[in-house]
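Every number in this text was worked out from the coordinates using simple rules, so none of it is lab data. All values reported here derive from a predicted model rather than from experimental measurement. Heads up, the Cβs are rebuilt from the backbone with ideal geometry, glycines too, and the neighbour counts pull from every protein chain shown.
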Amino acid sequence: MKNASKPRFMWLCILLVLLFPLGALAMDSEECQGCHGDIDSVGEDLYINEAAYGHTAHSGMGCMACHEEVSDEHPDDGASISASSCSDCHEEVETEYMASAHAENATCGDCHNPHTALGLADVSGHDMNQQCSNCHENTDVVESHADWLPQADLHVAKLPCISCHTGSEDYVIILHIIQKESEAAFGDFEISKHQDLQALAGDKKVQSLVDLNSDNFISLAELRTFNRNPDYKSMRLQATMTPKEASHSVKTLDNRWDCSFCHTSGTENMQTSFLALPNDEGTFSRIEVEEGAVLHALTGTPDFYMMGTTRSASLNIIGLLIIIGGTLMPIGHGTLRFLTRKNRKH
Amino acid sequence: MAEKKMIYLQPTPVRIWHWLNALGIVTLCVTGAQIRFPEYVPLFGNYKNAILLHNTAGFVVAISFSIWFFYYAFVARSMGKIYVPTKDDLQSGILRQAKFYFLTYFLGWENPHHPSPEDKFNPLQKSAYLAIMFVLVPLVSLSGILLTNVDPLRGLIIMVGGLKILMGLHFLLACSLCAFLFTHIYLATLGHTPFAHFKPMWTGWEEELEEHHSPAAH
Ligand code: HEM
């Protein structure tokens, strides 16, 4: 979806450039950033981080797309500058969100900073939950969910809140490379940073750590090679279940009470997984992974198991054979015992 | 002819342990089946109930295991004698007992082993119970403890090889316990009457038949 919109964007930019010849009407983004990109000249509150802004889809539009009324005298005129409302451009999202009860609790700007806003595929579940934790303190969430949710700490740590709290219908499995932050046995694992992975990859692309043949597709064999490589021992694959598309109907859905909404042998989409690799600017890029990665008995995602969902068929068969083995004695011996019962009557 | 003699075979702590354990393990097997196959085994209403029941039963089994261990190791101090097969058991006892179960039993011969409080189990039982009580049950319990604390104990889980290996281990060990259950209950009916072994497990007292010449029980 994002890729599809990129070209459209370029046209939008070109259009904007054509409509507002540089300098004729007002300043361009670069000029704005001359002051606003420098924390020393404008101060923390008015600072726009150029790197973070540069990776948003918004940056392509230029500052003026949202701050139309900046005069040439700015900032000396002291005039306040308006900012367009999100709904000017995101009508659908706006309609969906305003219909939810949560609209009374938070505005778009409470969850998104227009200067750093990223799309669903660009962020980790942890990043998304950061937006919620501004108001919903993590420890409180764990505590309140533990009243009804087994392993609430694990759920809250590993799942994006929006997987349970929006009306998303389809989900995909997103794999992240995580690594231990310290040598301690119980050290916390965190999502690997681009620099760490780049250091391992040397002069090759980070992607080549897992996608050995760089074909933008990760086969189960490649995944297994990565998992078994002793050089990468400090790294593990972590997985989570993310909505396929972002929905803004923020609420508590009745069926999310029902564990088997997720814990049941997976729907089609649960078979779809992506590896999300960190880019140097802190966003993520997704690479598709061959189907079945999360189902594979031992190798695909050694640290990801969803009860009832990602059970392995081959283990099921071995288990069944073991149980059948246990019934051989009663059945076999019992039959002979019955046939020879006369021998024991004296 | 044989005359009846009562011996106190199963002391109270052992009986309490055993029935708590049996109830616990059966519950674990059934709820475990629902947890792994929610579409096919919707027994306890919803998934959450199955999990809560499973965790509770796991807890009960762990407690009863401690009763068992504590009693045999520190109170009766007979754990080694009762549960560890002797050299003699291994060299000839197992064979002798297997021959009885699979051959001479059908011919109507007498069980070569006579239980006493000090020597409760025949060599086959010893080996089987040893494997169950010292390997299977502790391993299932340990893997269960890890699985109920995935986030805090992740470091340990990774040392085991990851969540999937741990899960696979837990599942296969549990299947083995379930398989044992069938065999175990069946073998318990092989006394001189089908319920002869169940009674002492309930009341503590075994009716031992003092028989010297007649080759078979009643
Ligand atoms: C409904 C299920 C069960 C029934 C009906 C049952 C029945 C019995 C009976 C009748 C005995 C006495 C006979 C003998 O000494 O061999 C016995 C002993 C024993 N059972 Fe079970 N059992 C059950 C479940 C289990 C389970 C789940 C385990 C272990 C995981 C277990 C472990 C043992 C052990 C270790 C003994 C010997 C106890 C001792 O005297 O120290 N049983 N059982």
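Details
- Counting Cβ atoms of other protein chains within 10 Å of each Cβ in B:34-44 and taking the mean gives 3.
- Within 10 Å of the Cβ of each residue in A:147-155, the mean number of Cβ atoms contributed by other protein chains is 3.
- When you count the other C-beta atoms within 10 angstrom of each residue and take the mean per peptide, A:62-68, A:173-179 line up highest first as A:173-179, A:62-68.
- FRET efficiency, A:Thr252 to A:Ser80 (Cβ-Cβ, R0 45 Å, nearest 0.05): 0.70
- Net charge, A:Gly282 excluded, C-beta distance under 11 Å - Lys, Arg +1, Asp, Glu -1: -3
- With an a/c value of 1.5 or above and a/b not larger than b/c for the gyration tensor axes a ≥ b ≥ c computed over the alpha-carbon atoms, segment B:33-89 is described as oblate.
- Most fluctuating residue given options B:Pro152, B:Pro112, B:Pro194, as computed from a GNM of chain B linking Cα atoms under 10 Å: B:Pro152
- Peptides ranked, highest mean first, by Cβ atoms within 10 Å: ranges B:84-95, A:48-59: A:48-59, B:84-95
- Averaged over the residues of peptide B:159-170, the number of Cβ atoms from other protein chains lying within 10 Å of each residue's Cβ is 5.
- Sum of -39500 (n - 2.57) over DSSP H runs of 4+, divided by residues of chain B (222 nm, nearest 500): -17500 deg cm²/dmol
- Nearest-ten-degree value, helix B:12-36 long axis tilted from longest Cα axis of chain B: 40
- Helix B:47-70 vs. chain B, principal-axis angle (Cα, 0 to 90°, nearest 10): 40
- Note on chain B: GNM, Cα springs under 10 Å; of B:Ala188, B:Ala62, B:Ala50, the largest mean-square fluctuation is that of B:Ala188.
- Non-local lysine pairs in chain B, meaning eight or more places apart or on different chains, with alpha-carbon distances under 17 Å, amount to 9.
- Site pair B:Leu136 and A:Lys233 shows an inter-label distance of 3.5 nm when each label is modelled 7 Å from Cα along Cα→Cβ.
- Whole-angstrom gap from segment B:1-72 to segment B:144-160, using each part's C-alpha centre: 23
- Positive dipole terminus of chain B, leading residue within B:Tyr105, B:Asn55, B:Phe121 (C-beta point charges): B:Asn55
- Helix B:163-188 and the long axis of chain B differ in direction by around 20°, with both axes built from C-alpha atoms.
- Cut-off under 5 Å, modelled amide H: who pairs with A:Ser265 long-range: B:Glu39
- Inter-label distance, nm, simple model (7 Å from Cα along the C-beta direction), A:Ile39/B:Tyr8: 7.9
- For chain A, no complete DSSP H run has alpha carbons reaching 27 Å or more along its own long axis together with a mean Kyte-Doolittle score of 1.6 or higher.
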